[in-house]
Structures are given as C-alpha cells and as structure tokens.
1. Taking the criterion of being open to solvent by 10 Å² or more (accessible area, probe 1.4 Å), of a type in the set (A, V, I, L, M) and in the same structural domain as Met132 (by TED's automatic domain parsing), would at least one residue in segment 258-265 satisfy it?
2. So which of Asp115, Asp67, Asp49 ends up being modelled with pLDDT of 95 or more, open to solvent by 10 Å² or more (accessible area, probe 1.4 Å) and under 22 Å from the mean Cα position of the chain (by Cα)?
3. Just for segment 92-106: of the residues that are of a type in the set (S, T, N, Q) and within 16 Å of the ligand (Cβ to nearest atom), which one is farthest from the chain's Cα centre (by Cα)?
4. Note down all Cβ pairs under 8 Å where the first residue falls in segment 155-166 and is over 22 Å from Ser23 (Cβ atoms), the second is within 6 Å of the ligand (Cβ to nearest atom), and they're at least six residues apart or on different chains.
5. Being open to solvent by less than 30 Å² (accessible area, probe 1.4 Å) and out of contact with any Lys or Arg (no Cβ under 9 Å at 6 or more places or on another chain) is true for just one of Ile342, Ile328, Ile305. Which residue is that?
6. Does segment 16-28 contain any residue that is open to solvent by less than 30 Å² (accessible area, probe 1.4 Å), closer than 25 Å to His383 by Cα and without any contact (Cβ under 8 Å) to a residue 60 or more places away in the chain?
7. Could we say that Glu127 is more than 22 Å from Asp340 (Cα to Cα) and at pLDDT 95 or above here?
8. I'd like the full set of residues that are open to solvent by less than 50 Å² (accessible area, probe 1.4 Å) and either among the polar types (S, T, N, Q) or over 19 Å from Ile84 (Cβ atoms) (or both), limited to segment 52-64.
Amino acid sequence: MQKIVNKINKGLKGAVTIPADKSISHRAVMFASIAKGESVIKNFSKGQDPLSSLNVCKALGVQAEFDNELLIINSTGKLNTPSIALDCGNSGTTMRLMSGILAGQNFNSTLIGDDSLSKRPMKRVIEPLSLMGAEIKSNDFKAPLNIQGKNLHAIDYNSKLASAQVKSCILLAGLNAEGKTSFTEPYISRNHTEIMLKYMGANINIDCKTVTIEKSILEPRTIEICGDISSAAYFIAAGLIVPNAKIILKNVGLNPTRIGILEAAEKMGGSIEILDKKIVSGELVGDLQVSYSNLKACTIEGEIIPRLIDELPVIAVLATQAEGTTIIKDAQDLRNKESDRIKAVVTELKKIGADIVETPDGFIINGKKSLKGGTEVETYHDHRLAMSLYVAGLICEKPLLINGFEWVDISFPEFEKLFNSLSL
Ligand code: S3P
C-alpha cells in the first residue's frame, strides 16, 4: 500500500491514548498460557505480532477469547502437542520466547516465520538452550526451528548481547529446568519478563545485570497492559519537530528500561513533561506533554542503546532537525531487526535530503537540514521504517510517497488514525 504524507503547516494539537505495549502483550498471552486457570488480559495489542503469539498459544491447546476489550485465557497449565507448524509471522519476540517455553515440553514442535523472520539470527537462543539440554534443529541457525522437547537443566549464562528476547527465552526455559538458572547481560535490557513472572508468582530474583530463576508454577492473573513507548516514540518525535506542536500522549509505559528515548530527547533539548505517574500491573505508566523544541545534536552510545533500540530509526529523523552532529554508536544489532535498520534508515533519509552517514554500528547525522520530500521511499517490510518515514514526511517541503505502508499494522494499526486526530 502506498501512502502520501503531506507537510503539516498548522502544527499538531490535542491528546491521544497510546495503544497497548507490544512486548508486554506477547508476554501476557504466553505467560497466561502456561499458568493453570483463567487469566484476564486488559488492553491486549491489536498489532499483528502479538496476534501471532496468541495464535501460537491457541495452536498449543490454550483457550483464548476476546470479550470486548478483554482477552480471556484459560489454560490447564500444560501445553498440548501442536498438530500444525507454529507460525510466528514477522515476530522475532514470538519465535525467541516460545523457543524457551517449548524446549522443556514433552513433545516435538516446529516454529516457522515469514521471509523476514526466516532470515533473522536464532543462534543467540539455540546456543544457550542447547547448553540447557535442548534439542533444536534449524536451517543454519535460522527458522524453521524444530524443537524436540527435553528435560532441561539450569545454566549460568553470560550473554555477550544485551537482548531482552534472549534473556526472556532463557528465563522461560529456566522456569521448567532442574536447578537455578542465571542470565547475566552486559547492559540491562527491557525487564517486562522479570516483572510479569514475579507478578505471576515465579521464583525469580533480580540483581543488577543478573537475573536468577528457579523451577516455578505460574499463577493466573489479571494483567492490564499499558501504552507502548515505542509507539509513542513517533508522536514524541513529531511533537518535537513539527513547528507549533503541543500534544499530550496518554497512558505511556515508562519502565526505566524502555525510556531511553526520553533521556535522549532531553539531552537534545526537547520539551517533554511527565504529567502523572502510576503503577499498572507492576509497570510504571504516565502521560507525556510534548512541545515543539529547538533541538541540538548529541551522542547516543553504550548502556542506553538497549533502552531505545527500537526507537533509533525515528531518533535519526529527530537528529536531522537538531543543530550539530548527532552520533549514534554501539547499535550494531540494529542490522538484525525486521530489516537492516542502519542501511535502510541511511538509504531512505538520504533520498529526502538528510545528511546522514552509515557506520558499522550506527549513524552520523548532520543537522539541521530541511527535508525536501517530493520522492518515493521504501519500508523494507519493516513497520518501524514505515512509521519513522511518515514522521519525516510531516516536515518535508513536498509530499512524500511511502511504499509498503501496510507494514505499520505489525505493531500499530491505529497509527494514522491517531495522527490525523492531532492535525489542525
Ligand atoms: C523485544 C526486544 C528487543 C526489541 C524487540 C522486542 C522484546 O529485541 O528490539 O522489538 O519484546 O523482548 P532484542 O531483545 O533482540 O534486542
């Protein structure tokens, strides 16, 4: 689907409620599926990725039904042998987390994905799971993954990557393994798994960069899912760079392991006010007020990277409007996402007039540059590219034509409707 984005001349005003967090939605449906009894999930994401997780759980015999805004999950606490291959669609989170759950079952299963997911690296989960005794056959460490369920044993794993998907996979395998499993990461990645497992009664302990888990039975719960800061990121960026914008973003998840974008925006001189904070199902949540700001360049590197990894494409757009040279480094794993996001961002932003250079582990962006538009750009089957280019389009001199805009539905089907509600 092609989308034409026009420059916003009068600014952005008003308030939007940010839809449900994708990461938390995946975890809610998976963890409810292995807890015995009825769990109620409030505000489950409508994105295609979390729906892939839901469908995989259903194929494993879990009962799941929508009742208006509630998703009701009923499970015996045991998964059943699936009669079909488990289709993870475009979702790396589904494949990597489910492989941790499936490795310790008493049946055989196969995880498959779309073309993009079938090219993404799975060695990062196959290797540690194998150390726990798992038996996984793959296509040169890529999907399809054939998992022969085994009795697992605990390991102490020191990960080179700061990846919440790898960490969650090993913790979920540890939930079903003999002994005490520990996972240590170089920097702290998002900790929704730890928060939710604790909320559901798992025997889990967090000590800085090391998480330890013991074999535990999960209890069913009511889980309310907050808004996704990774979805809010497009509104935050637009609010900061569209002249005369002043918008309120409601119900945004503010988990400290996810708010790198707020810290980076603050460093760049962006005006973002947190209006009120509360805890919902163990997660910190608040409303944000974002206003147009004169931005300055900054360097983004090191421990903040896992806390804003999914926001880097739209942060690159932000940096085109910041005075000076913004440097983003230590983000080499961005090349292993739904697309090679370093190459894709640089190629497409250059087309519209940005001064941006590709480096092995990030970008260098010289601002402030007026973006020309008046051209076609590509999304590489990547939802975050599509939404970042849309935000760039809002300040391009001439209309921007985005090809493959339908990929937005992977995480944020309500995206354009919400943007339109803010336009004057
Ligand atoms: C996610 C973790 C991150 C992120 C992805 C969602 C999660 O991936 O990029 O969109 O829900 O755990 P990595 O763990 O591979 O960094």
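The values are calculated or read from the model by the stated rules, or taken from the named source; none is laboratory data. From a predicted model like this one, the values you see are computed outputs, not experimental measurements. Virtual Cβ from ideal backbone geometry, glycine too; neighbours counted across all protein chains shown. Ligands, DNA and RNA are excluded from the accessible area calculation, which covers all protein heavy atoms including side chains. Shrake-Rupley method; radii C 1.70, N 1.55, O 1.52, S 1.80 Å.
1. No, segment 258-265 has no match at all.
2. None of the others qualify; the one that does is Asp115.
3. The selected residue is Ser99.
4. No pair meets every condition.
5. On the way: Ile342 fails: out of contact with any Lys or Arg (no Cβ under 9 Å at 6 or more places or on another chain); Ile305 fails: out of contact with any Lys or Arg (no Cβ under 9 Å at 6 or more places or on another chain).
Within the list Ile342, Ile328, Ile305, the selection yields Ile328.
6. Just the residues of segment 16-28 that are open to solvent by less than 30 Å² (accessible area, probe 1.4 Å), to begin with: 16, 18-28.
Adding the requirement that they be closer than 25 Å to His383 by Cα leaves 16, 18-28.
In the following step, the residues that additionally are without any contact (Cβ under 8 Å) to a residue 60 or more places away in the chain were identified as none.
There is no residue in segment 16-28 that is open to solvent by less than 30 Å² (accessible area, probe 1.4 Å), closer than 25 Å to His383 by Cα and without any contact (Cβ under 8 Å) to a residue 60 or more places away in the chain.
7. Criteria met by Glu127.
8. Ser52, Ser53
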